[in-house]
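Below: the structure, in structure tokens.
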Amino acid sequence: MAYVFIISAVVAVVTALLVVPLSGDRKDKISSIALLTILTFVVVAIIYYVTNLDRNWTALWPWLVIITFAGTFLARGAEQKVKGVLLLGSLALTVYMLSAPVWNADKKYEVAKMDEQVEIEAFDETKTPASVPPKFARNKMKKAFGQVPNTSYYELGNLQIQKVDGKYVYIAPVEFSGFFKWWNGDVTPGYFTMSATDSADNPKFVKADMTYTPSSYLHKNLERHMRMKHPNKIFYGDAQLEIDEDGKPYYIRSYGKFIAARNGFDVEGIVVVDPSTGQTESFALADVPEFIDGAVSPETVSLQNSYYGKYVHGFINSLIGKKDVRLPSDEGTEANVSPIFTENGEMYYFTDFTSPKEGVDSMLGYSLTDGRTGKATYYTGNLEDSYMDSQGALQIIEKKFIEKKWSGEMPVLYNFYGEASWLTPVLDSNGFLQNYFIVSAANPEISVYGNTPNEALKLYKTAIQRGGSTVDGSSSAEEKSVSGTIVRVFKERVGDFTQVSFLLDNKTNYIVSSEMAPFVVYMEVGDKVQVKYLETGELFLPVKEVTIEGIE
């Protein structure tokens, strides 16, 4: 608070000297200056405390306009001319500040500029993507809220996905539900955690008393506490909860700098707060602790995406002409972006970009932004194909389950078996998970759904083969050949074709569709076969070609 008092005192003195006319009775002038100084001190201190405004002098430019205008209006003679010059200077500063979005658009684009590539690497089909939708996880956590002591005091906070001890989990703090609940409760009791890959997992409440939280009040409010400890830092985005490998919670918030004239934002690091003690520490992005996955706030990533998409040819082009302009979608789960994890456990924010032209659902590209460093890559996709955007994928799901009134949430583009594909969890009207839907971005007629992501992937592999594509793009798919005798065989009708799973005498399982190999419908136990397949590491290996002795 000392810093607030000092800067408020300085502002109060300057305000009084500029507003109160220097001419007139000396005694009245001194009393007026003293009274205005005290009043201004109180007002400015309250503004700083309530708004959590950064303590940089540039934040006071609107105040400067007001007091120079008042001083010019009240003054007379030569004093009025001098203060009039100050008023003109403050008006020039106003024009500079307000016009910044026009002339700093090129700088914003340079700050947000991404590396460009064609396509992301193929997803390793032996892994399970973090695909439990946050809405579903939140519903389950709410139903488990009875685990919280003094339940009536609290409510569920914002969800944050994180990798903890090698597993992908959702974290959600328990927050106060109002001022009087905070007054009586003083501390929040802990947080919930739940798997982000296994929809059958049940939320677990972890006890961890937290004093400094987003829902606390006065000096215990987290954002106010951060501001008091770091008065000059420029924060952007909400504070988020992260836990270390021992389960200890920390709140983090991104900070950075304005691109120009208090406009735009470029992230530089994070402030970390121990919510039990209030101890704070700041880190540059290069020095962020290992356990923190989302150092760059989703709000920051969304802002950078908008810079990259809108200002490719400057501000005017973003409004008129819109040459090469691409708009980031708003289908993300956190501030219009969706956090996902790579096979190596690195968190990225996913966003797809579409055309500014209304009624077009064609995707122009997509981006992945590293959650720890903020470094982003823009993927154009195969330029020979026209990819459907996330909104198009959601519309297909809506039409597919129109009678049940199910809808998709959190669509994310993956490279499954060399095919750009949307993976989307499907929820019912109550927010409960029903299945996982996969649809090809380039060939929307190729789509499947299953109870789990891996089951859907298995069906999708067959659907791709039926559609005339191949699975050559699989991340670890080496083509091999084998001969043997059928030991077991299972046939299942899938759409217009038959999916055949069979076990050879080498104790290995294979799967193939009659669309690709029509004669497999005659396959029986004891048949001798020659098989070309892809070594994907899965329990059922995808077959590219199969020859049945005596039939082909």
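Considering every residue within region 240-254, establish whether at least one is under 23 Å from Y378 (Cβ atoms) and either at pLDDT 95 or above or open to solvent by 40 Å² or more (accessible area, probe 1.4 Å) (or both). It would help to see each step written out before you state the result.
Going through region 240-254, the residues under 23 Å from Y378 (Cβ atoms) turn out to be 254.
From the residues that got through so far, the ones that are either at pLDDT 95 or above or open to solvent by 40 Å² or more (accessible area, probe 1.4 Å) (or both) too are 254.
Scanning region 240-254 turns up at least one residue that is under 23 Å from Y378 (Cβ atoms) and either at pLDDT 95 or above or open to solvent by 40 Å² or more (accessible area, probe 1.4 Å) (or both).
Of everything in region 326-346 that's over 17 Å from M114 (Cα atoms) and of a type in the set (A, V, I, L, M, F, W, C), which residue is farthest from the chain's Cα centre (by Cα)?
Among those that are over 17 Å from M114 (Cα atoms) and of a type in the set (A, V, I, L, M, F, W, C), it is F341.
Which is more than 20 Å from E445 (Cβ to Cβ), aliphatic (A, V, I, L, M), over 16 Å from the mean Cα position of the chain (by Cα) and assigned to a strand (DSSP E or B), of L368, L364? Reasoning before the result, please.
Values: L368 fails: over 16 Å from the mean Cα position of the chain (by Cα).
Among L368, L364, only L364 is more than 20 Å from E445 (Cβ to Cβ), aliphatic (A, V, I, L, M), over 16 Å from the mean Cα position of the chain (by Cα) and assigned to a strand (DSSP E or B).
Pick from G269, G237, G256: which is touching a helix residue (DSSP H, G or I) at 6+ places or on another chain (Cβ under 9 Å), closer than 24 Å to K375 by Cβ and assigned to a loop (DSSP other than H, G, I, E, B)?
When all the criteria are applied, what remains is G237.
If a residue must be of a type in the set (A, V, I, L, M) and open to solvent by 50 Å² or more (accessible area, probe 1.4 Å), how many such residues does region 492-533 contain? Write out each step before concluding.
Here is the first cut: in region 492-533, the residues of a type in the set (A, V, I, L, M) are 494, 500, 503-504, 511-512, 516-517, 520-521, 523, 525, 529, 531.
Narrowing the set further to residues that are open to solvent by 50 Å² or more (accessible area, probe 1.4 Å) leaves 516, 521, 525.
Matching residues across region 492-533 total 3.
Do you know which residues across region 260-285 are in contact (Cβ under 8 Å) with a residue 60 or more places away in the chain and hydrophobic (A, V, I, L, M, F, W, C)?
Once the filter is applied, which keeps residues that are in contact (Cβ under 8 Å) with a residue 60 or more places away in the chain and hydrophobic (A, V, I, L, M, F, W, C), region 260-285 yields A260, A261, V267, V273, L285.
All but one of (1) in contact with a helix residue (DSSP H, G or I) (Cβ under 7 Å, 6 or more places away or on another chain); (2) without any contact (Cβ under 8 Å) to a residue 40 or more places away in the chain; (3) not charged (D, E, K, R) hold for L364, so report the exception by its number.
(1)
For region 421-445, which positions are open to solvent by 10 Å² or more (accessible area, probe 1.4 Å) and under 22 Å from D361 (Cα atoms)?
Within region 421-445, A442, N443, P444, E445 qualify.
Considering only region 341-361, how many residues are touching a Leu at 6+ places or on another chain (Cβ under 8 Å), farther than 14 Å from V296 by Cβ and outside any loop (DSSP other than H, G, I, E, B)?
Residues flagged as touching a Leu at 6+ places or on another chain (Cβ under 8 Å), farther than 14 Å from V296 by Cβ and outside any loop (DSSP other than H, G, I, E, B) within region 341-361 amount to 3.
When T369 is evaluated against the numbered criteria (1) surrounded by 18 or more Cβ atoms within 10 Å (Cβ to Cβ); (2) over 24 Å from I234 (Cα atoms), which criterion, by number, is the only one it fails?
Among (1) surrounded by 18 or more Cβ atoms within 10 Å (Cβ to Cβ); (2) over 24 Å from I234 (Cα atoms), the lone unmet condition for T369 is (2).
Which residues, taken from region 163-187, are in contact with an Asp or Glu (Cβ under 6 Å, 6 or more places away or on another chain) and polar (S, T, N, Q)?
Hit for region 163-187 is S177, nothing else.
All but one of (1) over 21 Å from the mean Cα position of the chain (by Cα); (2) surrounded by 18 or more Cβ atoms within 10 Å (Cβ to Cβ) hold for K204; state the number of the condition that does not hold.
With (1) over 21 Å from the mean Cα position of the chain (by Cα); (2) surrounded by 18 or more Cβ atoms within 10 Å (Cβ to Cβ) applied to K204, the lone miss is (2).
The values are calculated or read from the model by the stated rules, or taken from the named source; none is laboratory data. No experiment lies behind these values; they were computed from the predicted model shown. Note that we place each Cβ from the backbone using ideal geometry, even for glycine, and neighbour counts take in every protein chain shown. For accessibility, only protein heavy atoms count, side chains too; no ligands or nucleic acids. Shrake-Rupley method; radii C 1.70, N 1.55, O 1.52, S 1.80 Å.
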